[in-house]
Amino acid sequence: MPSIRRHAVITALAVLSGSACSSRGEPLIEPHLAAQCREAAAAAPATHAGRADSLFRLVPEATLNAEQASLVASARHEEWTARVVVGRIAPGADSLLQPGRAVTLVVSPTLSFVAVGTQADHRASGEIFWTGALQGQQGGSAILLTSLGVTGDVRSMPAAGPYSIYTFRPIGGGLHAISCIDPTLVPIG
């Protein structure tokens, strides 16, 4: 049962916590922490990054204003964050977040997940709460789309190896902090 509790806490943190980044030439990926996430920091770009069905497009050289830079810096300094990249939400994201529709979730330059929508709750406020199941592996995604952007996560639970969690948090201007969470560092208690 402790692993279920840890997963619930991680998911809650992923959906509810804030994030941040820097525009002064600091790397968007912290290579010394690469072992905390499943992909290598220096590998070739993900092939899904430019596809029309991608929810995000990574922006490695994003120019951030002071508030955005502060939000990314905050995300990087959370003790459970292994690394942070910046992505821009796709135009028409609301049309991507539909039941039965496959959506590519780019989480780093070398890794993306494809999730198929299982539910989309369109609220009167214009918000969409969307859930999807990962293709080809166990796991899923839960996303809340508001006028500010996307808040949510993707959780991958492969048959072999550790599970991984990536969170999405809006930082303004259509940009989002996409964080790799190290589940072993999330405080429980």
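Quick note: the coordinates plus some simple rules give every number you see, no bench work behind them. Model, not experiment: these values are computed from the prediction. Note that each Cβ is placed from the backbone with ideal geometry, even for glycine, and that neighbours are counted across all protein chains shown.
Could you tell me whether region 62-189 comes out rounded, prolate or oblate from its Cα gyration tensor? Rule is a ≥ b ≥ c as square roots of the eigenvalues, rounded for a/c under 1.5, then prolate if a/b exceeds b/c, otherwise oblate. In terms of gyration-tensor shape, oblate.
Each peptide in 53-61, 145-153, 88-96 gets a packing score, the mean of other Cβ atoms within 10 Å over its residues, and the list from highest to lowest is 145-153, 53-61, 88-96. With the simple spin-label model, which puts each label point 7 Å out from Cα in the Cβ direction, the Ile188 to Thr63 separation comes to 4.6 nm. When you filter the chymotrypsin sites (Phe, Trp or Tyr not before Pro) in region 85-189 for DSSP loop state and at most 16 other Cβ atoms inside 10 Å of their Cβ, you are left with Tyr163. Based on the Stokes-Einstein relation at 25 °C and a viscosity of 0.890 mPa s, and on the Kirkwood radius from alpha carbon pairs, region 129-189 is assigned a translational diffusion coefficient of 193 µm²/s. Just add up the charged neighbours of His176: K/R +1, D/E -1, any other residue whose Cβ is under 10 Å from the Cβ of His176. With Lys, Arg at +1 and Asp, Glu at -1, the net is +2.
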